Amino acid sequence: MEINYRQASILFELIQSDTPLTAGMLAAKLDLNERVVRFNLPPLDLWLQEFGVKTPLQTPKGIFLHMTQGGRQRLLRLIPDPLGEKARIYLRPEYRQLWIAFKVLASTSPLPSKDFEKDLELSENTLARDIQQVRKLLEKHTLNLVRKRSVGTYVEGSEIQIRYALSIILKRILGDANIVQLCLWKKVELQNPWTERALLRRMAVNVIENWSLWDSFDAIQQLTSGLGVVYDEVNISRVALYLVISINRIRHSKSVEYPEERIENIRSNEIFAATQKALKKPPFAPDINLSDAEIVYLFNQLVTYGYAGFGDEYTHLDDVRLESFLLIAEDIMRQVYSSRGMEYSDSPVTNDLAAHLHRCYHLLHLGVKVHFNLADEVQSSYPVLFNEIISITQGVTTNLLFGTILKEETARITIYAAMAILQSQSAASGQESKIAVVCPTGGVTSRMLMLRLRTELPELGNLELMSMKQLRGGNLENVRAIISTTTTISKDLGVPVLVVNPLLKDEDISRIKSWLISGE
């Protein structure tokens, strides 16, 4: 008898747990629902009986595996490989669509439908529906997904936009992992390897592990060290990933272009020169000769992810510095505050706005468009402030490119302005508001949720981990919202309650952002 990957994921959690777990706890850990957990317990009981486990998993105190620690470790080695030859992989629609988007973006030639059907055990009709959703996803990156029966499925659009979209999709699949962690995943499982999310990650790693990721990471690390710039491993990984994506594309005659007159303006730049010297012929890819245009895009990746370390030596594209955007951001905030009779003071939100506009500058200058799918919702939720931002931004700069950025980023600037006003009002009242985070499963799950919230949604501000006992005690002073992983919290507490997955999925992030905008 064989068990499927879903049953294996449940068994993995039970092996790791020394105390009984409820179906709800397992469901939260595995991104499933309680019904699915309970449905898969009887097959697991039958499978475990083959190894001498006679006691059912379901007990009056919860779901528990009655085995010694030694027996558990032996059992762990018997669980089938989730990506083995006999494995049958069924991913939920959102994961299937990410995989399809990754495959078509990473491929340099059209892919036949049978490739996707083989990977994901899909029917033709299901694949057609998923392709339609992937087409909408890629349209946000100004790319067109083409599917022709006689040819296959492929992407049309500018080369730099394809690379940028591929980087974004990979980040969504891999999360915040860096190259070091990816290499470790191949040797030691750092998490439950049988969850759908882990399966998707491993499928992607199996593709990109042949892209010389570690060598690229090492080359970028040496380059930045030579420049005297300190990067963390995550930012080195982002630049390294872009580099190996570029090399893989160049090997198939997919190159980028850049105006020669602009290249001439930055040839004398120290960072550009160092990048060209170190990576024009990458030591780990002797068959590749990066053009000056390719060096420009790589150079911009280095600047985007490590600007703070370059200081006054950074001179690039009309000498645009972060300070320029900080002055613009302060000018916008001062006018917003003044129109409300409020006194402006330095705020972290202003710095965040400046950093965002600075990144937009580089992307726009490189021809990369960034889509913001909540723009219409922002305009409808803050119509007065939105129109005010339009009026203000028309007169804060004479730089045409700056003006274009401010116009395209009106919705995001509106959000930053609204956040700054709310923070100022909270500070004026002498009471700093906070968001309570409630995760009954506790332990590493609650810490992971807090880390994800702070990483993905820094605009949430002050977060405080709160137990169910504290919540029942009615201690909600200065709490403006509750983010919880359980649906059992009363909706009558007088503050909004947002229920999320402990791993904070993409739809959870979108819902929280929507609440930040509308307050509903």
(request) Return the sequence-ordered ³J(HN,Hα) values of region 233-249 in whole Hz as given by the Karplus equation 6.51 cos²θ - 1.76 cosθ + 1.60 applied to θ = phi - 60°, using x for Gly and Pro. (result) 5, 5, 5, 4, 4, 5, 5, 4, 5, 4, 4, 6, 4, 4, 4, 4, 6
(request) Starting from 0 in steps of 5 Å, tell me what percent of the Cα-Cα pairs of region 93-173 lands in each bin. (result) 3, 16, 31, 28, 16, 6, 0
(request) Taking a cut-off of 17 Å between Cα atoms, list the aspartates and glutamates near LYS281, but don't count ones fewer than 8 places away on the same chain. (result) ASP215, ASP218, ASP292, GLU294
(request) Name the residues whose placed amide hydrogens come within less than 5 Å of the amide hydrogen of LEU463, ignoring near sequence neighbours (fewer than 5 apart) on the same chain. (result) ILE435
(request) Find the all-direction average of the projected area of the Cα convex hull for region 5-78, expressing the result in square nanometres with one decimal place. (result) 4.5
(request) For region 1-68, run through the trypsin sites (Lys or Arg not before Pro) and keep only the ones in DSSP coil with at most 12 other Cβ atoms within 10 Å of their Cβ. (result) LYS54, LYS61
(message) List the pairs from LYS29/LYS434; LYS136/LYS171; LYS148/LYS505; LYS136/LYS491; LYS118/LYS148 whose alpha-carbon separation is above 23 Å, in the order I gave them.
(response) LYS29/LYS434; LYS148/LYS505; LYS136/LYS491
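Provide GLU13, GLU507, GLU261 in ascending order of the number of other Cβ atoms located within 10 Å of each residue's Cβ, fewest first.
Going from sparsest to densest Cβ surroundings: GLU261, GLU507, GLU13.
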(message) Straight-line reach from LYS61: which aspartates and glutamates fall under 15 Å, measuring Cα to Cα and dropping same-chain residues less than 8 apart?
(response) ASP18
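Read the figures in this text as sums done on the coordinates, not as results from a lab. Because the structure is predicted, anything quoted here is derived from the model rather than measured. Note: ideal-geometry Cβ built from the backbone for every residue, glycine included; neighbour counts use all protein chains shown.
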